[in-house]
Amino acid sequence: MTMLDVRNVTKQFGSLVAVSNVSMQVATGELRAIIGPNGAGKTTFFNMISGFFAPTKGDIVFDGAVVTKMAVTERVAMGMARTFQITEIFPELTVRENIRIGVESSQGLRQRFWVGSEKRATVNRGIEEALTLSGLTSQADRLVGELSHGDQRAAEIATALTLKPRLLLLDEPTAGMGEHETYAVANLIRRLHKQSAYTIVLIEHDMRVVFNLADKITVLGEGKMLAEGTPAEIADNPIVQEAYLGKAE
Amino acid sequence: MSTTTVTVTTAATAQPRPWLTTAIIWALLLTVPLWLPMLGGYTALAGRVLVLGLAAMSFNLLLGFTGVMSFGHAAYFGLGAYGAGLTLKYLTASTPLAIVAGVLLGGLAGTLFGPLIVRRRGVYFAMVTVAFGQIAFYVAYSWDSLTGGYDGLRGFSRAPLDLGFITVDITNNATTFYYFLLIVFGIATGLQALLLASPFGRTLVAIRENERRARFLGIPIERHIWMSFSISCAFTALAGALYALLNNFADPMGLHYSLSGEIVIMTVMGGMRAFWGPLVGAALFVVLQDYISSMTVNWMSFVGLIFVLVVLFFPRGLLGMLQKGTGK
């Protein structure tokens, strides 16, 4: 079954065509990586999927519904969650409070002035689950702003996970991380994918992460789709090697 | 009430030992008539602290806990005052109804005005709130026949409280009236504490901390800022209504942007991230005003100087600094 169906989307900013006629289909349970050199339009592409802005042309179908022009909060309600290239969290709150806000929002309590003890217990269970899943239990009561870069990123992912998303969008989850942190975040993503069967689309620069994790890879270059396939196919693709991987050698 | 406050401050701002602050503040407030005269103060001064403190705490729901800066909160304070005054003068000699009318007038004005500004941020938000405040000011200033214009609204006075089984005279006895103010203040701040400890309250802090993250967690930012603004305006109007009862008077200066500025000063001076911070700021402001204005008409320059010093040396405000200093 297809979870995300992007149909011929184009995004123009004035005369600049950031993304041109790109399509992509992501199956339920798939982990898709989007790669491409700087300026390839990856983040623009991501922003259209998550609802940051609407495409100039084309359509986005999520879980069977056309969401092309839907507001962010509506997409979130349908089960879309994302993280950002530069971590977006609540820095002066603790990890637990960050996660609590997500859990309460996803349980539809965000406009409640009062919650009963039963509901409160459900919320607390959700918080503990997210803490365990992200491996942050021991850091739960520290301010997120004081955590290491890698743990902040894990906290952001954990907060996004509280929405129980049917589609998780990760924009460069290992950006700016050292060896050790990259490994930890890559492991977290692998767990989410393999053990919890999340459908994940991620943008990533670290090729080891991409080729180890992804089921399929979409390659963008200068706003256009260059190739799509399994990691093995992409590694052998001459166009990709020339346009992207070739540059590194 | 103290228990709810404790949960708020821990949940919302992770302050050390906030229950201690709450306990000290309530101990001081409850015993005002005992110790204030010994320091040379008078009970009406404490009433002013409560009223302006409530205005600043209500304003701080928006600034400190939602991260949105309004520079026109005097408008709702003044509308509350006129709502209460006009009710007593023209409609009915009932203190509770006067308060309700003031809250409704200020709260509704804020609720109707809110949708026009919730998409603005920062300085633009602040400027539009100033503009609306000045409109309210000029209406009160020019509508002589209803509001008394520049001279203010006179000819009303608070009525004794009829509780059914007993009538409480809050008209002459300053101490009785102080405790009346304190009860209303306690109910209002208790509700504010509950609000901040609720899931809705946490979404406000989320908006303050990171709007983008909040939106991507499914929180409709504009609607929540609107709700926060309306609630903040209604509580500010309550403070305004109490102010009219305190003075038996309402005047256009109660709507003027200079009062909006004073509310900001009290809040920042006391500490906008601390629940009780604005009350501490209001106490300092009112006492300084009373003390220095007896010596010079330029009292505001001295208050300004102290404000600058506080902001420079205690950027978290007086209470924020004290709590940080003693808590850990």
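Please return the ranges of helices (runs of 4 or more DSSP H) entirely within segment B:139-223 where 2 or more residues are within 30 Å of A:Pro91 (Cα to Cα).
B:174-197, B:199-209, B:211-215
Among the residues of segment A:1-40, write down those that are crowded, with 22+ Cβ neighbours inside 10 Å and within 18 Å of A:Ile239 (Cα to Cα).
If the condition is that a residue be crowded, with 22+ Cβ neighbours inside 10 Å and within 18 Å of A:Ile239 (Cα to Cα), then A:Val22, A:Ala33, A:Ile34, A:Ile35, A:Gly36, A:Ala40 are the ones that fit.
When you scan segment A:121-133, do you find a residue that is among the polar types (S, T, N, Q), within 22 Å of A:Glu88 (Cβ to Cβ), surrounded by fewer than 20 Cβ atoms within 10 Å (Cβ to Cβ) and not assigned by TED's automatic domain parsing to the domain that holds A:Gly29, even just one? I'd like the intermediate steps shown before the answer.
Initial filter on segment A:121-133 (among the polar types (S, T, N, Q)): A:122, A:124, A:132.
Checking the rest, the ones that are also within 22 Å of A:Glu88 (Cβ to Cβ) come to none.
No, that holds for no residue.
This table checks each residue for (1) within 30 Å of A:Asp171 (Cβ to Cβ); (2) touching a Leu at 6+ places or on another chain (Cβ under 8 Å); (3) within 14 Å of chain A (Cβ to nearest Cβ).
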residue: B:Thr147; (1), (2), (3): no, yes, no
residue: B:Tyr150; (1), (2), (3): no, no, no
residue: B:Gly186; (1), (2), (3): no, no, no
residue: B:Leu195; (1), (2), (3): no, yes, yes
residue: B:Glu222; (1), (2), (3): yes, no, yes
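Kindly list the number of the only condition in (1) over 19 Å from the mean Cα position of the chain (by Cα); (2) crowded, with 23+ Cβ neighbours inside 10 Å; (3) in a loop (DSSP other than H, G, I, E, B); (4) of a type outside the set (A, V, I, L, M, F, W, C) that fails for A:Pro55.
(1)
Would you be able to say whether some residue in segment B:1-14 is at pLDDT 95 or above and crowded, with 17+ Cβ neighbours inside 10 Å?
Scanning segment B:1-14, I find no residue that is at pLDDT 95 or above and crowded, with 17+ Cβ neighbours inside 10 Å, so the answer is no.
On the given criteria, is A:Ala140 more than 13 Å from chain B (Cβ to nearest Cβ) and in contact with a Ser or Thr (Cβ under 8 Å, 6 or more places away or on another chain)?
Working: more than 13 Å from chain B (Cβ to nearest Cβ): no; in contact with a Ser or Thr (Cβ under 8 Å, 6 or more places away or on another chain): yes.
In short, no.
So, of the residues in segment A:140-167 that are surrounded by fewer than 21 Cβ atoms within 10 Å (Cβ to Cβ) and basic (Lys, Arg), which turns out to be nearest to A:Arg75 (Cα to Cα)?
Ranking the qualifying residues of segment A:140-167, first place goes to A:Arg166.
Just checking, how many residues over segment B:121-152 are touching a helix residue (DSSP H, G or I) at 6+ places or on another chain (Cβ under 6 Å) and either of a type in the set (Val, Ile, Thr) or free of Cβ contacts under 8 Å to residues at least 40 places away in the same chain (or both)?
Within segment B:121-152, residues that are touching a helix residue (DSSP H, G or I) at 6+ places or on another chain (Cβ under 6 Å) and either of a type in the set (Val, Ile, Thr) or free of Cβ contacts under 8 Å to residues at least 40 places away in the same chain (or both) number 3.
Of everything in segment A:69-85, what is over 22 Å from A:Gly29 (Cα atoms) and in contact with a Pro (Cβ under 7 Å, 6 or more places away or on another chain)? Give them in sequence order.
A:Thr73, the sole residue that qualifies.
Among A:Leu192, A:Leu109, which is within 14 Å of chain B (Cβ to nearest Cβ) and either hydrophobic (A, V, I, L, M, F, W, C) or surrounded by fewer than 23 Cβ atoms within 10 Å (Cβ to Cβ) (or both)? Walk me through it before giving the result.
Details: A:Leu192 fails: within 14 Å of chain B (Cβ to nearest Cβ).
Of A:Leu192, A:Leu109, the one residue that is within 14 Å of chain B (Cβ to nearest Cβ) and either hydrophobic (A, V, I, L, M, F, W, C) or surrounded by fewer than 23 Cβ atoms within 10 Å (Cβ to Cβ) (or both) is A:Leu109.
Quick check on my filter: what residues within segment A:9-35 are free of Cβ contacts under 8 Å to residues at least 12 places away in the same chain and among the hydrophobic types (A, V, I, L, M, F, W, C)? Before the answer, list the steps.
Pass one, segment A:9-35, residues free of Cβ contacts under 8 Å to residues at least 12 places away in the same chain: A:13-16.
Selection gives A:Phe13, A:Leu16.
Identify, from the list B:Ser301, B:Ser258, B:Ser228, B:Ser232, the residue that is surrounded by fewer than 21 Cβ atoms within 10 Å (Cβ to Cβ), in a helix (DSSP H, G or I), in contact (Cβ under 8 Å) with a residue 24 or more places away in the chain and not hydrophobic (A, V, I, L, M, F, W, C).
When all the criteria are applied, what remains is B:Ser258.
Is there any pair with a first residue in segment A:74-91 that is within 7 Å of chain B (Cβ to nearest Cβ) and a second that is hydroxyl-bearing (Ser, Thr, Tyr) and assigned to a helix (DSSP H, G or I) whose Cβ atoms are under 7 Å apart and which are 6 or more apart or on different chains, and what are they?
Partner pairs satisfying both residue conditions: A:Arg82/A:Ser50; A:Ile89/A:Thr159.
From the list A:Val219, A:Val210, A:Val240, which one is modelled with pLDDT under 90 and β-branched (Val, Ile, Thr)?
A:Val240
Under the condition of being within 9 Å of chain A (Cβ to nearest Cβ) and touching a residue at least 24 places away in the same chain (Cβ under 8 Å), which residue from segment B:197-220 is farthest from B:Asn172 (Cα to Cα)?
The selected residue is B:Glu209.
Taking only segment A:195-207 into account, find how many residues are surrounded by fewer than 16 Cβ atoms within 10 Å (Cβ to Cβ) and modelled with pLDDT of 95 or more.
0
Read through the list (1) over 21 Å from A:Ser106 (Cα atoms); (2) in contact (Cβ under 8 Å) with a residue 60 or more places away in the chain, then give the number of the only condition that A:Ala186 fails.
Condition not satisfied by A:Ala186: (2).
Please enumerate the residues belonging to segment A:36-73 that are in contact (Cβ under 8 Å) with a residue 60 or more places away in the chain and acidic (Asp, Glu).
A:Asp63, the sole residue that qualifies.
The values are calculated or read from the model by the stated rules, or taken from the named source; none is laboratory data. Predicted, not measured: the structure shown is a model, and the values here were computed from it. Here Cβ is always computed from backbone atoms with ideal geometry, including for glycine, and neighbour counts include all displayed protein chains.
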